[in-house]
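The values are calculated or read from the model by the stated rules, or taken from the named source; none is laboratory data. It should be emphasised that the depicted structure is a prediction, and the values quoted were computed from it without experimental measurement. Please note: Cβ atoms are built from the backbone with ideal geometry, for glycine as well, and neighbour counts cover all protein chains shown. Ligands, DNA and RNA are stripped out before the accessible areas are found, and what is left, the full protein with its side chains, is counted by its heavy atoms. Shrake-Rupley method; radii C 1.70, N 1.55, O 1.52, S 1.80 Å.
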Amino acid sequence: MDRNARNVLHQRRTRIGRRSRETQAVEFFNVLTSPELLETTEALLPEHRERLYPPTVALSMFMRQALEADGSCQKAVDGWAAQRAADGLSPCSVRTGGYCRARQRLPLEMVSTLSRETGRLLHEKALAQWLWRGRTVKLVDGTGISMPDTPENQERYPQPSTQAPGVGFPLARLVMVICLATGAALDAAIGPHSGKGSGELGLVRGLLDGFSPGDVMLADALYCNYWLIATLMARGVDVLFEQNGARITDFRRGQSLGPRDHIVRWPKPPRPEWMTPEQYARFPAEITLREVKVAHQVLVTTLLEHRKVTKDDLSTLYARRWNVELDLCNLKTTTGMDVLSCQTPQMNEKQLWVHLLAYNVIRLLMAQAACNAGIDPRELSFKHTVQLWTEWVSRGLSATEDDGRLFVLIAQRRVGNRSGRIEPRMRKRRPKPYPWLKVSRAHARREIKKHGHDWEPK
């Protein structure tokens with residue numbers, strides 16, 4: 001590129017950046033353009049012309065959709081058109097086609113990298129008093145997410161085999177790595193809900209590079225697996241899991257450390273089908289673990305020093321595993337990530353990472369508010385922060401130019417300490433008494449045209 005072309009490109013980007021800073025729609029992006037993330041953002045910004053929806057605006061509107069109760073593209077475009085009118089800019093079309101094409105042009109690598117980098121930045125800046133014994137604890141858990149019933153989505157993420165064709169919805173499995181101290185989403189892996197290698201253990205193996213020596217992985221009984229524990233031990237990572245129900249714990253064996261507390265050795269199991277003989281040979285013949293029983297729960301850990309880490313310490317730490325359930329609930333319920341809305345798997349994966357990026361921005365605001373107030377970020381309400389932030393930016397206010405008033409308001413709302421809370425997984429309010437759709441929607445429409453709404457599927 002010659003000098004004149006570079007100057008033209010620089011002037012164009014300068015104009016876009018100036019216009020972006022003057023508009024409310026990119027308030028989310030202003031949070032991302034902190035000095036730590038500015039270099040990453042600039043490197044990932046694709047080449048583009050000066051359009052109505054440049055990448056910064058498109059990404060910010062996409063993130064706004066993830067946090068709004070009405071996450072439709074029409075609502076996003078209407079809001080952008082209203083903001084342009086308020087800023088004295090020329091009117092624009094309220095058709096959604098241009099914005100949808102702008103979302104498609106956003107590189108998936110840009111969105112996923114920004115999400116990971118935002119999570120990493122927040123995770124690394126966690127205050128010492130937020131950590132567990134000065135160590136980083138990373139929560140791991142999986143969940144399922146649904147998406148529209150289109151041929152492309154069905155091909156990549158087939159519906160469960162128990163459902164008839166045309167009745168179910170494509171279902172994907174998601175495994176998350178979340179920082180216990182700040183709640184930041186550090187990494188994620190998505191795959192089909194069924195099929196070879198699609199389980200949570202298969203997906204989590206692709207996320208292990210994000211663990212560093214000295215970290216602690218905290219997860220439920222599903223992850224209490226010889227191969228995963230041995231792999232993490234080789235990386236210098238400690239674990240705390242609940243004992244898998246398929247394994248028998250006998251406290252009469254091993255080296256006793258106290259009542260219901262002992263050290264045992266697990267021998268290497270037979271080679272699984274997914275593992276090559278070369279990989280199998282690299283695993284140790286046995287691993288040394290500590291098993292403790294607290295109340296009705298057996299915990300398995302690599303933290304063997306019982307004088308430094310007592311049974312009560314392990315029990316208290318494992319009780320905090322419930323935070324990952326709350327974090328997934330915030331993602332799926334508060335931000336609406338439980339049902340993705342795009343028609344292709346590529347756009348659904350992009351929408352997933354936009355949700356994680358918006359989630360991390362909210363966690364960034366909560367961490368700043370907690371730091372200012374001298375409290376733990378886990379004491380603050382995620383939903384309250386989302387509600388306050390969306391109202392804040394809708395009135396043209398800035399998080400960085402309001403003398404910290406936003407952070408003061410965020411810190412005012414604390415969540416209750418409901419340790420040991422138990423709730424039934426049941427619904428009290430009954431749904432409307434419509435029958436289940438047991439055939440494809442197209443077939444149901446044809447039958448209704450023939451027989452009217454009195455037709456019932458057999």
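Just one residue in the set Trp455, Trp389 is within 19 Å of Asp327 (Cβ to Cβ), among the aromatic types (Phe, Trp, Tyr) and either open to solvent by 30 Å² or more (accessible area, probe 1.4 Å) or touching a helix residue (DSSP H, G or I) at 6+ places or on another chain (Cβ under 8 Å) (or both); that residue is Trp389. The criterion of being among the hydrophobic types (A, V, I, L, M, F, W, C) and open to solvent by less than 90 Å² (accessible area, probe 1.4 Å) holds for Ile448.
Would you check if Gln104 is of a type in the set (S, T, N, Q), closer than 27 Å to Asn360 by Cα, at pLDDT below 95 and open to solvent by 60 Å² or more (accessible area, probe 1.4 Å)? So that I can check it myself, show each step before the final result.
Details: of a type in the set (S, T, N, Q): yes; closer than 27 Å to Asn360 by Cα: yes; at pLDDT below 95: yes; open to solvent by 60 Å² or more (accessible area, probe 1.4 Å): yes.
For Gln104, the condition - of a type in the set (S, T, N, Q), closer than 27 Å to Asn360 by Cα, at pLDDT below 95 and open to solvent by 60 Å² or more (accessible area, probe 1.4 Å) - is met.
Screening Cys224, Cys179 for residues that are open to solvent by less than 40 Å² (accessible area, probe 1.4 Å), over 14 Å from Thr143 (Cα atoms), in contact with a His (Cβ under 6 Å, 6 or more places away or on another chain) and not aliphatic (A, V, I, L, M) leaves exactly one candidate, Cys179.
Look through region 347-380, keep the residues that are polar (S, T, N, Q) and within 17 Å of the chain's Cα centre (by Cα), and return whichever of them is surrounded by the most Cβ atoms within 10 Å (Cβ to Cβ). First the steps, then the outcome.
Start the filter on region 347-380 by keeping residues that are polar (S, T, N, Q), which leaves 348, 351, 360, 368, 372.
Checking which are within 17 Å of the chain's Cα centre (by Cα) leaves us with 348, 351, 360.
Details: Asn348: 24, Gln351: 21, Asn360: 29.
Top of the filtered list is Asn360.
Within this structure, Ser112 passes the test of being under 20 Å from the mean Cα position of the chain (by Cα) and either among the polar types (S, T, N, Q) or under 26 Å from Glu47 (Cα atoms) (or both).
Going through region 433-447 one residue at a time, which ones are within 12 Å of Pro165 (Cα to Cα) and assigned to a loop (DSSP other than H, G, I, E, B)? Passing the criteria: Leu437, Lys438, Val439, Ser440.
Annotation note: of Thr162, Thr143, the sole residue that is out of contact with any helix residue (DSSP H, G or I) (no Cβ under 9 Å at 6 or more places or on another chain) and either under 15 Å from Asp338 (Cα atoms) or among the polar types (S, T, N, Q) (or both) is Thr162.
Might you check whether a residue that is part of a loop (DSSP other than H, G, I, E, B) and either surrounded by 16 or more Cβ atoms within 10 Å (Cβ to Cβ) or not basic (Lys, Arg) (or both) occurs anywhere in region 200-210? Before the answer, list the steps.
Looking only at region 200-210, we keep the residues that are part of a loop (DSSP other than H, G, I, E, B), and these are none.
So far as region 200-210 goes, no, none of its residues is part of a loop (DSSP other than H, G, I, E, B) and either surrounded by 16 or more Cβ atoms within 10 Å (Cβ to Cβ) or not basic (Lys, Arg) (or both).
For region 121-149, give me the residue count where each residue is of a type in the set (S, T, N, Q) and surrounded by fewer than 16 Cβ atoms within 10 Å (Cβ to Cβ). Step through it out loud before you land on a result.
Of region 121-149, the ones of a type in the set (S, T, N, Q) are 129, 136, 143, 146.
Still in the list and also surrounded by fewer than 16 Cβ atoms within 10 Å (Cβ to Cβ): 129.
Summing the residues that are of a type in the set (S, T, N, Q) and surrounded by fewer than 16 Cβ atoms within 10 Å (Cβ to Cβ) in region 121-149 gives 1.
Tally the residues that are assigned to a strand (DSSP E or B) and buried (at least 16 other Cβ atoms within 10 Å of the Cβ), restricting the search to region 227-260. Outline the logic, then answer.
Going through region 227-260, the residues assigned to a strand (DSSP E or B) turn out to be 238-242, 255-258.
Restricting the remaining residues to those that are buried (at least 16 other Cβ atoms within 10 Å of the Cβ) gives 238-242, 257.
So the count comes out to 6.
Once region 268-315 is narrowed to residues that are of a type in the set (Gly, Ala, Ser) and outside any helix (DSSP H, G or I), the residue that is farthest from the chain's Cα centre (by Cα) is Ala285. Entry remark, region 206-220: residues being under 14 Å from Met176 (Cα atoms) and either hydroxyl-bearing (Ser, Thr, Tyr) or touching a residue at least 24 places away in the same chain (Cβ under 8 Å) (or both) number 8 in total. The helices (runs of 4 or more DSSP H) found entirely in region 1-101 that carry 3 or more residues being at pLDDT 80 or above, under 25 Å from Leu388 (Cβ atoms) and open to solvent by less than 30 Å² (accessible area, probe 1.4 Å) are 55-67, 73-86.
Annotation note: Cβ proximity below 7 Å between a residue of region 124-137 that is without any contact (Cβ under 8 Å) to a residue 40 or more places away in the chain and a residue that is assigned to a loop (DSSP other than H, G, I, E, B) (sequence gap 6+ or interchain) occurs for Ala128/Gly134. Every test in (1) over 27 Å from Phe169 (Cβ atoms); (2) touching a residue at least 60 places away in the same chain (Cβ under 8 Å); (3) open to solvent by 100 Å² or more (accessible area, probe 1.4 Å) is passed by Arg441 save one, and that test is (1).
Any residue at all in region 281-300 that's surrounded by fewer than 12 Cβ atoms within 10 Å (Cβ to Cβ) and at positive phi? Yes, some residue in region 281-300 is surrounded by fewer than 12 Cβ atoms within 10 Å (Cβ to Cβ) and at positive phi. Residues satisfying the criterion are present in region 331-341 (criterion: hydrophobic (A, V, I, L, M, F, W, C), under 15 Å from the mean Cα position of the chain (by Cα) and open to solvent by 50 Å² or more (accessible area, probe 1.4 Å)).
Across region 392-431, what is the total count of residues that are β-branched (Val, Ile, Thr), surrounded by 10 or more Cβ atoms within 10 Å (Cβ to Cβ) and free of Cβ contacts under 8 Å to residues at least 12 places away in the same chain?
Pass one, region 392-431, residues β-branched (Val, Ile, Thr): 393, 400, 408, 410, 415, 422.
From the residues that got through so far, the ones that are surrounded by 10 or more Cβ atoms within 10 Å (Cβ to Cβ) too are 393, 400, 408, 410, 415.
In the following step, the residues that additionally are free of Cβ contacts under 8 Å to residues at least 12 places away in the same chain were identified as none.
Number satisfying all stated conditions: 0.
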